[in-house]
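Some notes on the structure that comes next.
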Amino acid sequence: MKIAEERVGDVTILRLSGRFELEEGDIVFRDWVNTLVANGRVKIVLDFKDVSRIDSAGIGMLVSKYLTARKRGGTIKLLNLTRHSDHLIDITRLDTVFEIFDDEAAAVKSFDGADT
């Protein structure tokens, strides 16, 4: 997995690409989010547009890092889910946990005035 980081004010957008699965991407993702949260960057948008595959380890790490951000007063929101990732989020009922967006500007704006 590759991650590109972009900052829009106090919101961090992580553009994920490749495979978000056991050992391939979950550890890279974990370390990246841990570093962001440790540095107070707790408003995070994950762009899944270029994620080719996600497995149960990726889902587990996604939930784990969501909880990490929440404990520090932030949150993680999802952007541009692919058909595969959308299906997994739906069947695991994580669509009731994560805010999901198709529009980047709307995802970033959703943090305005929100108690995350």
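Quick one: count up the residues across segment 50-65 that are under 13 Å from the mean Cα position of the chain (by Cα) and part of a helix (DSSP H, G or I).
Total meeting the criteria: 8.
Criterion first (more than 16 Å from ARG30 (Cβ to Cβ) and part of a helix (DSSP H, G or I)) does LEU78 satisfy it? If you could, list the steps in order and put the result at the bottom.
Numbers: more than 16 Å from ARG30 (Cβ to Cβ): yes; part of a helix (DSSP H, G or I): no.
No, not satisfied.
Answer yes or no as to whether THR35 is of a type in the set (S, T, N, Q) and loosely packed, with under 13 Cβ neighbours inside 10 Å. Give the steps one after another, and end with the answer.
Details: of a type in the set (S, T, N, Q): yes; loosely packed, with under 13 Cβ neighbours inside 10 Å: yes.
Spelling it out, THR35 is indeed of a type in the set (S, T, N, Q) and loosely packed, with under 13 Cβ neighbours inside 10 Å.
May I ask you to list pairs of residues, at least six apart or on different chains, whose Cβ atoms are under 8 Å apart, with the first in segment 88-116 being over 12 Å from LEU46 (Cβ atoms) and of a type in the set (D, E, K, R) and the second being in a helix (DSSP H, G or I) and modelled with pLDDT under 95?
Close Cβ pairs satisfying both conditions: ASP95/ILE89.
State yes or no: is LEU67 touching an Asp or Glu at 6+ places or on another chain (Cβ under 8 Å), at pLDDT 95 or above and within 21 Å of VAL108 (Cα to Cα)?
no
Collect the residues in segment 19-32 that are buried (at least 21 other Cβ atoms within 10 Å of the Cβ) and either free of Cβ contacts under 8 Å to residues at least 12 places away in the same chain or small (Gly, Ala, Ser) (or both), keeping them in residue-number order.
Answer for segment 19-32, where residues must be buried (at least 21 other Cβ atoms within 10 Å of the Cβ) and either free of Cβ contacts under 8 Å to residues at least 12 places away in the same chain or small (Gly, Ala, Ser) (or both): just GLY25.
Go through ILE89, ILE100 for me and flag whichever is in contact with a helix residue (DSSP H, G or I) (Cβ under 6 Å, 6 or more places away or on another chain) and at negative phi.
Residue meeting the stated conditions: ILE89.
Return the residue satisfying two criteria in turn: it lies in segment 66-115 and is over 12 Å from the mean Cα position of the chain (by Cα) and among the acidic types (Asp, Glu), and of such residues it is surrounded by the most Cβ atoms within 10 Å (Cβ to Cβ).
Looking at residues that are over 12 Å from the mean Cα position of the chain (by Cα) and among the acidic types (Asp, Glu), I get GLU104.
Is it true that some residue in segment 7-18 is in a loop (DSSP other than H, G, I, E, B), surrounded by 14 or more Cβ atoms within 10 Å (Cβ to Cβ) and not aliphatic (A, V, I, L, M)?
no
The values are calculated or read from the model by the stated rules, or taken from the named source; none is laboratory data. Here the structure is a predicted model, which is why all the values come from computation and not from measurement. Neighbour counts run over all protein chains shown; Cβ positions are idealised from the backbone, glycine included.
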